[in-house]
Amino acid sequence: FPTVGALAKAPEAEVLKAWEGLGYYSRARRLQQAAKQIVADYGGVWPQTSETLQTLSGIGPYTAGAIASISFGEPVPAIDGNAFRVFARLFKVDADIARPQTRQLFFDLIRPLMPKDRPGDFNQAVMDLGSSYMSANHPDPAHSPVRDFDASYRDGVVSAYPVKTKKPRPVLHRYFALVIRSEKGYLLEQRPSTGLLADLWMFPLVDMADLESTMMSAQLDEVSTLFVASSGMQLTFADLGAKTVKHTFTHQQWQLTLIGVETAASDLSFLPARWVKADHFSELALPTVQKKLNAALGMN
């Protein structure tokens, strides 16, 4: 997609395919939506201020600040994790950076310090400081070029800043991943257009939490009954050697047990799915977790 216009006009499936493997597929959709906004609302020309950039889909205060300062010279902070860490340590700011309202506090603290003529270089320098001398895990404040202004270093409390409450651990979800085969190939199902991994293609998943049984043999009987009731598809289960794949998202951890399934049925009118030969998997937009399933089956 060499231009904003090209991205705006591209089919969404093509955009998702290009994004494949990067995760956070909602970002690809927002990126394309932003391109459409630039074409429709700004004549194909990027808006040049932090305020107007934030009218675009997927662009928040940090991204807007980075673009506006580096590309267009606006003296506005780009506040990411590095900026939070740098200025929390320099000034011993006790506010919890996990709270949304803290961003405005840092914005008001940083903006008066920015040079009017080189705001992009200033923001880049802050990013570099935060990833080197003032990093999260291996800081070196004694050799930092701003050590004389570092209140946390002076008082020996570098590790206390920034203040941040811990995120909850990802919630564990257990699924059966059904490797359904017929003479036409493998059954890949398109996920719903909203929610996690929206519109991407995967083996059908069955949430174990929805099953009444706890023993695997009884659970598979339930799965078979569900498929027959919803589609008339008769399933014959095959042993794949108890292969399990784990994948962690921001708020969820998936544990997927691969179940081999043979079927003679081929009618998919009841499902948003298609039969796909293994050597044609690459033609569809597959999430990373599906690629892990492929690898577990030796299908890479």
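For segment 171-296, the antiparallel share of DSSP beta bridges with both residues in that region comes to about 65%.
Dipole orientation for the chain: of the candidates Ser57, Gln37, His138, His138 has the Cα lying most toward the positive pole (charges on Cβ; Lys, Arg +1; Asp, Glu -1). Annotation: extensible slack from Thr288 through Ala6 equals 98.9 nm (criterion: 0.36 nm per residue apart, minus Cα-Cα distance).
For segment 108-183, the alpha carbon positions stretch 69, 34, 26 Å along the principal axes, listed from largest to smallest.
Between Tyr42 and Gln124, the FRET efficiency estimated from the beta carbon spacing at R0 = 41 angstrom works out to 0.95.
Given charges of +1 on the Cβ of Lys and Arg and -1 on the Cβ of Asp and Glu, with all other atoms neutral, how large is the dipole of the chain about its Cα centre, in debye to the nearest 20?
520
Net charge dipole, segment 212-300: roughly 420 debye, given to the nearest 20, about the Cα centre with Cβ charges of +1 for Lys and Arg and -1 for Asp and Glu. Among Pro168, Pro115, Pro75, the largest mean-square fluctuation in a Gaussian network model of the chain (Cα springs under 10 Å) belongs to Pro168.
Identify, among Ser213, Gln234, Leu178, the residue whose Cα sits farthest towards the positive end of the charge dipole of segment 178-300, taking +1 on the Cβ of Lys and Arg and -1 on the Cβ of Asp and Glu, with the dipole about the Cα centre. Highest projection toward the positive end goes to Leu178. Compute a Gaussian network model of the chain, connecting alpha carbons closer than 10 Å, and tell me which residue from Arg89, Arg147, Arg27 fluctuates the most. For the chain, modelled as a Gaussian network with Cα springs under 10 Å, the answer is Arg147.
Here the extension length gained between Asp117 and Lys167 equals 14.2 nm, from 0.36 nm per residue of separation less the Cα-Cα distance.
Within the listed set Thr102, Thr63, Thr214, the residue fluctuating most in the Gaussian network model of the chain (springs between alpha-carbon atoms under 10 angstrom) is Thr214. Rounded to the nearest 0.05, what FRET efficiency do Thr244 and Ser213 give with R0 = 25 Å and r taken as the Cβ-Cβ distance? Could you check? It comes out at approximately 0.85. With 0.36 nm allotted per residue and the present C-alpha distance subtracted, the Asp94-Ile70 stretch has 5.7 nm of extension available.
If R0 is 30 Å, what FRET efficiency do you get for Glu262 and Lys17 from their C-beta distance, rounded to 0.05?
Values: r = 29 Å, r/R0 = 0.98.
Between Glu262 and Lys17 the formula returns 0.55.
Is segment 180-300 best put as rounded, prolate or oblate by its Cα gyration tensor, with a ≥ b ≥ c the root eigenvalues, rounded for a/c under 1.5, and otherwise prolate when a/b is larger than b/c, oblate when not? Taking the square roots of the gyration eigenvalues as a ≥ b ≥ c, segment 180-300 is rounded. The distance linking segment 218-262 with segment 22-87 is 41 Å (Cα centroid to Cα centroid, whole angstrom).
Applied to segment 163-170, the Karplus parametrisation 6.51 cos²θ - 1.76 cosθ + 1.60 on θ = phi - 60° returns per-residue 3J(HN,Hα) values of 7, 8, 6, 6, 6, x, 5, x Hz, with x for Gly and Pro. Per-residue ellipticity at 222 nm computed for the chain from its helices equals -10500 deg cm²/dmol, with DSSP H segments shorter than 4 residues left out and the rest contributing -39,500 (n - 2.57). Using a Cα-Cα cut-off of under 18 Å, which lysines could be cross-linked to Lys246, ignoring same-chain neighbours fewer than 8 residues away? Straight-distance partners of Lys246: Lys291, Lys292.
Charged side chains reduced to their Cβ positions (Lys and Arg at +1, Asp and Glu at -1) give segment 46-160 a dipole of some 100 debye around its Cα centre. Here, P(r) means the percent of Cα pairs in each 10 Å bin from 0 to the largest distance; for segment 46-160 it is 15, 44, 32, 9, 1. Across segment 187-201, the residues whose backbone nitrogen lies under 17 Å from the label position 7 Å along the beta-carbon direction of Ala278 are 187-188.
DSSP finds beta bridges in the chain, and of those with both partners inside it, around 65 percent are antiparallel.
Name the residue from Pro2, Ala68, Gly21 whose Cα lies farthest towards the positive end of the charge dipole of the chain, charges +1 on Cβ of Lys and Arg and -1 on Cβ of Asp and Glu. Projecting each Cα onto the dipole axis, the largest value belongs to Ala68. Cα-based values for segment 14-102, radius of gyration first and Dmax second, are 15.7, 47 Å.
Laboratory data are not the source of any read-out in this text; all were calculated from the coordinates shown. In this text, all values refer to a predicted model and were calculated from it rather than measured experimentally. Note that we place each Cβ from the backbone using ideal geometry, even for glycine, and neighbour counts take in every protein chain shown.
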